[in-house]
Amino acid sequence: MTHSFWFLAVDALAVYRLAVLFSQDKITDWLRTGLRERGYQTVSVAALGGERTTVVHRPGIIAASSRWLFELVECPWCVSIWFAALAVILTRFWPEGWQYPAMLLALSAVAGWLGERTNH
């Protein structure tokens with residue numbers, strides 16, 4: 001690979017930003033909530049001294065897929081490997097098209113990281 005260290009740094013920050021975006025940001029909470037609701041159901045169980053809420057798996061292949069995706073998206077480490085694979089593939093096969101979205105994501109990652117440190 002003939003790319004410089006800067007391509008690696010930009011891709012790394014882009015992957016970091018995508019992992020945080022999908023696993024933690026409020027803007028994608030609708031996605032995590034939808035996957036959680038499709039894969040799990042909440043059941044109220046009567047117990048001594050009150051009622052207890054239990055989360056159980058929904059049956060079926062769609063629910064199982066939703067559970068897998070929910071667990072994947074809830075974990076920044078888990079989802080980052082898929083975004084890293086995507087970044088490597090795009091860098092290899094479409095570098096001129098990927099570099100600008102990657103730079104946008106990298107700048108967002110740096111700005112978000114700095115913003116978290118200055119607001120406290």
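Does Val110 count as loosely packed, with under 14 Cβ neighbours inside 10 Å and at pLDDT 95 or above?
Values: loosely packed, with under 14 Cβ neighbours inside 10 Å: yes; at pLDDT 95 or above: yes.
The answer is yes for Val110.
Between Ser108, Ser66, which is in a helix (DSSP H, G or I) and within 24 Å of Glu37 (Cβ to Cβ)? Walk me through it before giving the result.
Numbers: Ser108 fails: within 24 Å of Glu37 (Cβ to Cβ).
Exactly one of Ser108, Ser66 is in a helix (DSSP H, G or I) and within 24 Å of Glu37 (Cβ to Cβ), namely Ser66.
Kindly establish whether Arg52 is modelled with pLDDT of 75 or more and either more than 30 Å from Ala9 (Cα to Cα) or over 13 Å from the mean Cα position of the chain (by Cα) (or both). Talk me through it step by step, then tell me what you get.
Numbers: modelled with pLDDT of 75 or more: no; either more than 30 Å from Ala9 (Cα to Cα) or over 13 Å from the mean Cα position of the chain (by Cα) (or both): yes.
No.
The values are calculated or read from the model by the stated rules, or taken from the named source; none is laboratory data. In this text, all values refer to a predicted model and were calculated from it rather than measured experimentally. Neighbour counts run over all protein chains shown; Cβ positions are idealised from the backbone, glycine included.
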